1. I want the local charge near V115. Using Cβ-Cβ distances under 13 Å, sum +1 for each Lys or Arg and -1 for each Asp or Glu among the other residues.
2. What's the local net charge at T207, with K and R +1, D and E -1, over the other residues with C-beta under 14 Å away?
3. Counting only residues 5 or more places away or on other chains, whose amide H sits under 5 Å from the amide H of F169 once H atoms are built in the peptide plane?
4. On a full-extension model of 0.36 nm per residue, what is the gain between M253 and Q274, subtracting their alpha-carbon distance, rounded to one decimal in nm?
5. At most 14 other Cβ atoms within 10 Å and a DSSP loop assignment: could you name the chymotrypsin sites (Phe, Trp or Tyr not before Pro) in the range 195-283 that fit?
6. Please compute the modelled spin-label separation between M161 and A190, points set 7 Å along Cα→Cβ, answer in nm with one decimal.
7. How much length is gained on full extension from E246 to I116, taking 0.36 nm per residue of separation minus their Cα-Cα distance?
8. Calculate the spin-label point distance for L142 paired with L224, positioning each point 7 Å from the Cα along the beta-carbon direction, and give it in nanometres.
Amino acid sequence: MTNSDAQPQDAEQDGEKPKAQEAEPHINLLSQQKNAAGLRLSSYDLAKFIAFALILLNTIGEFVLGGGSGDGGVWLRTVGVMGVPILCFLIGYSGSRDMSLGWVLAGIVVSALNVIFHLPVFPADMIMTLVLCSVLVLPFALLLERYVFYFWYIMLLVLFMAPVSSLLFAYGTSGLLFAFVGFAIRNRTAMDETFRYGISDVLLVVTYLCFVVVHIWQFGFSVLQITVFAVFSALVMLGLRQFKAEYSDSLTMSPFAGLIQFVSLNLLYLYILQLLVFKTLNAGFSAIGALFKEF
């Protein structure tokens, strides 16, 4: 008899009934399925809600308040730019490759919108980055596990690709690193045993530095904006380090439970909708501005 067979019997002899293990929340970002517990919310739902709120701020900053040309837009982007990395982290944490075709089609639709609004097609939208993270995170983890001795050589190669990859895909190398951090946090014990020096925390620091340096280079933040951006990103990273997918009764009973559930279940559609709305507003404002210049 195995230990797992003996434990329930020991509990019954002591007069205690064994506790049923609670099912883990549904944590597959790309499938858009409702979790088995119905309206019972989890930390995963909350993380998706926070990510979408930050993405919304980033989109407003980029398309409504002038992006890099307006101070208001830049300030919103100093915090909003962390939205997509949270989603990349969640994909890595789930470790799932159940990629919905809807996400691929959505990426094509967003690229088409860029063409319609005369915006650059590259870097490709964050939807394609999420799809790539879903496809690559497990093979990347297996590669590092198989060639443990070459771990830092592989990581240096990935970091070296950061400037180029960020021109091809939104967040580029940073997105993949955030996904791998999510995988490492979920499998922290096994990863730390394999690499023997707290690899999950090391990856967290490397990912943070890569993300901050690349975005400071891309956005041209002022010194104060760099400080806010770096501090806020560090706080988010610390929150991700403690992340654990589990149901929350207090969150389920909160006044915002319905809103959080709605955003969590419809994240893809809401993302495309807000892009369409704000890109249309941006195009409208640009047309009106050009019209006034003629007069």
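1. Net local charge, V115 excluded: 0.
2. Combined, the nearby Lys, Arg, Asp and Glu give 0.
3. Counting only residues 5 or more places away or on other chains, the set is A124.
4. 4.8 nm
5. Y197, F256
6. 2.3 nm
7. Additional length available on full extension: 42.6 nm.
8. 5.1 nm
Coordinate-derived values only; no laboratory data. Keep in mind that this is a model prediction, so the values were computed, not measured. Quick reminder, even Gly has a Cβ in these numbers, built from the backbone with ideal geometry, and neighbours come from all protein chains shown.
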